[in-house]
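The values are calculated or read from the model by the stated rules, or taken from the named source; none is laboratory data. None of these values were measured; they are calculated from a predicted model. Cβ sites come from the backbone with ideal geometry, for glycine too, and all protein chains shown count toward neighbours. For the accessible areas, the whole protein counts, side chains as well, though only heavy atoms, and no ligand, DNA or RNA atoms are used. Shrake-Rupley method; radii C 1.70, N 1.55, O 1.52, S 1.80 Å.
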Amino acid sequence: MALRCLLRQYQGLRLSPQHIRCFSSAPSIYDRMVQITVVDVYGQRHVLRALTGHTLVDVLQEHSELLGSEEVTESPEGRGVVECVVSVPNEFLGQIPQTKDYLQQLRQITPSVTSNCRLGSKIILTKEMNDMQVAMHEVYPWRTI
């Protein structure tokens, strides 16, 4: 009954464009979010959300209470820099740049290097990497943070 009365009151009104509230079409934070599945060294899967433009090692360090800190190690590049080693699926290998000495850097951090291994600091997340799955590699225990 109350809805009918309210409808009758507003039927005679003519709304001008200044009364209509327009919503912004600007991109929101959700447009920049990427979902990544991380398989830790124990085989457990963790679904993480991150923003595009961040590096994978930053995302893993932010979620260290979930993953544990043993997957992140000191980087051979210098002090205070952290690094991790992950295996990336073949379809994403072309999106990750390689440096000339990346194999040497990988061997300094992890005992097992495969063709799909990449450094986490070199993986900059993009929208195309949404729903990517990566597997963590063991790092040398004396170099963990």
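Tabulate in residue order the Karplus-calculated ³J(HN,Hα) for the stretch 116-128, using 6.51 cos²θ - 1.76 cosθ + 1.60 with θ = phi - 60°, rounded to whole Hz; enter x for Gly and Pro.
Calculated HN-Hα couplings, in order: 9, 6, 9, 7, x, 6, 8, 9, 9, 5, 10, 5, 5 Hz.
Going by average Cβ density within 10 Å per residue, which order do the peptides 54-61, 94-101 take, highest to lowest? The partial results should precede the final answer.
Numbers: 54-61: 20.4, 94-101: 10.5.
Answer by packing, highest mean first, reads 54-61, 94-101.
For the stretch 91-135, what's the radius of gyration and Dmax over Cα atoms, in angstrom?
Using the Cα atoms of the stretch 91-135, the pair Rg, Dmax is 11.1, 31 Å.
Which whole-Hz ³J(HN,Hα) couplings does the stretch 38-55 yield from phi under the Karplus relation 6.51 cos²θ - 1.76 cosθ + 1.60, θ = phi - 60°, glycine and proline marked x?
10, 9, 7, 5, 8, x, 7, 9, 10, 9, 10, 10, 8, 9, 5, x, 7, 8
What nm value, rounded to one decimal, do you get for the distance between Asp31 and Asn130 when each label is placed 7 Å out toward the C-beta?
1.2
Can you work out the Karplus-derived ³J(HN,Hα) for every residue in the stretch 84-96? Use 6.51 cos²θ - 1.76 cosθ + 1.60 with θ = phi - 60°, whole Hz, and x for glycine or proline.
Values, residue by residue: 9, 10, 10, 9, 10, x, 4, 5, 9, 4, x, 8, 10 Hz.
With a 1.4 Å probe and all protein chains kept in place, how much accessible area does Arg107 have, in Å² rounded to the nearest 10?
Arg107 has an accessible surface of roughly 140 Å² with all protein chains in place.
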